[in-house]
There are 2 protein chains.
Amino acid sequence: MSKSIFYHAGCPVCVSAEHDIINLLGKDKVEVVHFGSDKSRIAEAEKAGVKSVPALLTPKGNVLHINFGASMADVKG
Amino acid sequence: MSKSIFYHAGCPVCVSAEHDIINLLGKDKVEVVHFGSDKSRIAEAEKAGVKSVPALLTPKGNVLHINFGASMADVKG
């Protein structure tokens, strides 16, 4: 199985969700992308359907928006 | 590890998220609770902090609200 990708922007909601997701799925099954330190991944995330962060892109290509930290507009700010 | 509990109310958003969650975590690690067929679990979910469905209650007691299907007020209807 390929990896899921967890996109976030460092907000408290994001960090809390990141810990939960890593605990549930296992660290080796999730790639974590922090937009604050890697803005170059924003376009890729939007193309995949990410509308807010934190969000989990599953290996099947579905996007699960988890809680609500910030909109992509805020991330690009 | 104890199980996570996935609460939902049968809406299309919920069912789609349910499939993703079961694929990611594994069927034996998630208990699925459908409020439509089991209204007696609503109080328990609210007590755990569930504010909208679909939501995943992790073994650590954290609630991850996934996408946004319906508020608990709608579920109680």
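Annotation for the range B:47-63 versus the range A:1-62: alpha-carbon center distance of 19 Å. Here chain A is treated with +1 on each Lys and Arg Cβ and -1 on each Asp and Glu Cβ, and its dipole about the Cα centre works out to around 180 debye. For the range B:68-76, putting each phi into the Karplus relation 6.51 cos²θ - 1.76 cosθ + 1.60 with θ = phi - 60° gives couplings of 8, x, 7, 6, 5, 4, 5, 4, 6 Hz, in residue order, rounded to whole numbers and with x for Gly and Pro. Within the listed set B:His65, B:His19, B:His34, the residue fluctuating most in the Gaussian network model of chain B (springs between alpha-carbon atoms under 10 angstrom) is B:His19.
Between the listed residues B:Gly49, B:Ser16, B:His34, the Cα displaced farthest toward the positive end of the dipole of the range B:1-63, a dipole computed from Cβ unit charges relative to the Cα centre, is found at B:Gly49.
Build a GNM of chain A with springs between Cα atoms under 10 Å: which of A:Lys47, A:Lys27, A:Lys39 gets the top mean-square fluctuation? Highest fluctuation among the options: A:Lys47. Taking chain A as a Gaussian network, where each spring joins two C-alpha atoms under 10 Å apart, which residue of A:Leu24, A:Leu56, A:Leu64 fluctuates the most? Between A:Leu24, A:Leu56, A:Leu64, it is A:Leu24 that shows the largest mean-square fluctuation. Spin-label model, A:Ala43/A:Ala73: points 7 Å from Cα along the beta carbon direction are separated by 2.2 nm. Under 19 Å from a label point set 7 Å out along the Cα-to-Cβ vector of A:Lys51, the amide N atoms of the range B:37-61 belong to B:51-56.
What is the dipole size for the protein assembly as shown, taken about its Cα centre, with +1 at each Lys and Arg Cβ and -1 at each Asp and Glu Cβ, in debye to the nearest 20? Write out the running numbers ahead of the final one.
Numbers: 18 positive and 16 negative charges, 7 e Å.
Here the size comes out at about 40 debye.
Between copies, how far does the label point of B:Lys47 sit from its twins, in nm, shortest first, when each point is 7 Å from Cα along Cα→Cβ? Computed spacing set for this position: 4.8 nm.
Largest first, how would B:Asp28, B:Asp20 line up by accessible area (1.4 Å probe)? Please report the intermediate quantities before stating the final value.
Numbers: B:Asp28 115, B:Asp20 10 Å².
If we order B:Asp28, B:Asp20 from most to least accessible, we get B:Asp28, B:Asp20.
In chain B, what is the volume of the convex hull around the alpha carbon atoms, normalised per residue and reported in Å³?
Details: hull volume 6.2 nm³, N = 77.
Enclosed volume per residue, from the Cα hull, is 80 Å³.
Rounding to the nearest 10 and keeping the result within 0 to 90°, find how far the Cα-based axis of helix B:12-25 lies from the longest principal axis of chain B. The answer is roughly 20 degrees. Note that the range A:33-38 has calculated 3J(HN,Hα) couplings of 10, 9, 5, x, 9, 8 Hz, one per residue in order, obtained from phi through the Karplus relation 6.51 cos²θ - 1.76 cosθ + 1.60 (θ = phi - 60°); glycine and proline are x.
The values are calculated or read from the model by the stated rules, or taken from the named source; none is laboratory data. What you see is a predicted model; the values in this text were computed from it and never measured. Cβ: placed from backbone, ideal geometry, glycine included. Neighbour counts: every protein chain shown. Note: areas computed on protein heavy atoms with side chains; ligands, DNA, RNA excluded. Shrake-Rupley method; radii C 1.70, N 1.55, O 1.52, S 1.80 Å.
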